[in-house]
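First comes the structure, then the notes that go with it.
The values are calculated or read from the model by the stated rules, or taken from the named source; none is laboratory data. Worth saying up front: this structure is predicted, and the values here are computed from it rather than measured. All Cβ positions, glycine included, derive from the backbone under ideal geometry; neighbour counts span all protein chains shown.
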Amino acid sequence: MWMLVAIADVALVVATASALVVMMVLAGAMIVAGAIAGGLMLQRRAVPQRESVLQGSVLRRRA
């Protein structure tokens, strides 16, 4: 009888450890994905040139 209890204990430990490993792998994947997304957002990008408001045809100063 005690052998069945020991086997059940080992099965519980293995099940708990595997669930913990899965959670740690998922957390690690989310951290890596966040680091990649953050790195992409922090990269310098070319800013499109817009027509200046002062030079536009709508807002011109009178001399």
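A few points about this structure:
- Residues of the stretch 5-48 that are among the β-branched types (Val, Ile, Thr) and more than 28 Å from the chain's Cα centre (by Cα): VAL5, ILE7, VAL10, VAL13, VAL14.
- A single entry from GLY28, GLY39, GLY34 fulfils the requirement of being at pLDDT 80 or above, surrounded by fewer than 10 Cβ atoms within 10 Å (Cβ to Cβ) and in a helix (DSSP H, G or I): GLY39.
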